[in-house]
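Beneath this line is the structure, given in structure tokens, with notes to follow.
The values are calculated or read from the model by the stated rules, or taken from the named source; none is laboratory data. Keep in mind that this is a model prediction, so the values were computed, not measured. With ideal geometry, Cβ positions are generated from the backbone for all residues, glycine too; neighbour counts draw on all protein chains shown.
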Amino acid sequence: MARPSPNKERGNTGRSVLAGKGKASLRSLPVSQRKRMRVDALSQETDDLFQKTGTGDYASPADLPEETESAPPPRSLAHGTVPKSLVKFLVGVFLLPVAWVMTRTFFQSFTTSIHHGLLASQSFGCFAGGMILFVVFYLIIPRNVLMLPYVFGHELTHALWVKLFGGRVADQFHVSEEGGHVLTDRVNTWIALAPYFFPIYSLLSITLYGAACLVTDMSPYRWILFLLLGLTMAFHLVFTFLLITKGQPDLHYGGTFFSLMVIYLINLTIITGLLLVTGKEISLSSFIADFVKNTVEFLEFSRSAVAWILEWVGNIRAGFGHS
């Protein structure tokens, strides 16, 4: 079957969004089913590029028809249900203690590993060397040159996660030094946030190394894998941080606070996994034991803090003559 020819349509940013023609074209879908995932890598604008429709979906402003009927009220208002944004914010609040305990446990394990010779480990040395190598690249290579592979990986990750959720992606997606976007028929929180916690180049390095292991013995070259992991993880973390500080519209979909908590926890979990692989005198079982211990200590501290606050409030009430 011949590949459908692209049909260019212009958004309010002046950049084109590509959609194919023909039976399988995303253009033939209803407006409410067409979405655009986007990263404005170098833009200072922080506008939310997802425009909410009456069905609760998100669509690109360029995809909206010239004339639309008045949209019905959102379902959350029509039926009196709790808005998803509020639910996700509350979930983000409950994730705060998890983030605290996870962070504390990670640094405890990292300190323990250092005391047992982590710095002398070849795997950790190569991983740290890869991160230092990225710092060198970051200092000597122009930012726009480094931004291009990041934007490509960012949009490719959006597309891969759309496929994981059974969606469709346009035949082409836009990538440039200024940013990029991909046209798809669906979007959810995981698709929107995937590029911020899914280090695609690190996973590509692991995949290639694993494929090579099926052909030949790669153990003498294991150091190359950790060098690449250090380089690609530093690339992922630095540019993720830079884009988040610029205000990415991807974070708005699930609520910025909730999105930041998810991004932080998943990235910390990945780094913890790398520590368990390269570290000394630590294992998954010891990490879980420390995590449980820190959780119990946090709950005990929280109980004591609540009891103290209630006692303090009671004393104030008693001082004003309340029984």
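Some points to look at:
- Given (1) in a helix (DSSP H, G or I); (2) touching a Leu at 6+ places or on another chain (Cβ under 7 Å); (3) of a type outside the set (S, T, Y), index of the condition L204 fails: (2)
- Helices (runs of 4 or more DSSP H) completely within segment 211-316 that count 3 or more residues being over 30 Å from T189 (Cα atoms): 222-246
- Boolean, W190 is in the same structural domain as Q248 (by TED's automatic domain parsing), surrounded by fewer than 17 Cβ atoms within 10 Å (Cβ to Cβ) and assigned to a helix (DSSP H, G or I): yes
- Residue within segment 206-229 that is within 17 Å of the chain's Cα centre (by Cα) and surrounded by 15 or more Cβ atoms within 10 Å (Cβ to Cβ) present: no
- Among the residues of segment 96-124, the ones that are of a type outside the set (S, T, N, Q), assigned to a helix (DSSP H, G or I) and at pLDDT below 90 come to 6 in all.
- R317 vs. criteria surrounded by 12 or more Cβ atoms within 10 Å (Cβ to Cβ) and farther than 20 Å from M102 by Cβ: no
- When restricted to residues that are modelled with pLDDT of 90 or more, crowded, with 19+ Cβ neighbours inside 10 Å and hydrophobic (A, V, I, L, M, F, W, C), segment 230-262 contains 8.
- Only a single criterion out of (1) modelled with pLDDT under 90; (2) loosely packed, with under 14 Cβ neighbours inside 10 Å; (3) within 14 Å of F106 (Cβ to Cβ) is not satisfied by T278, namely (2).
- Residue check, S285 without any contact (Cβ under 8 Å) to a residue 12 or more places away in the chain, out of contact with any Cys (no Cβ under 6 Å at 6 or more places or on another chain) and of a type in the set (G, A, S): yes
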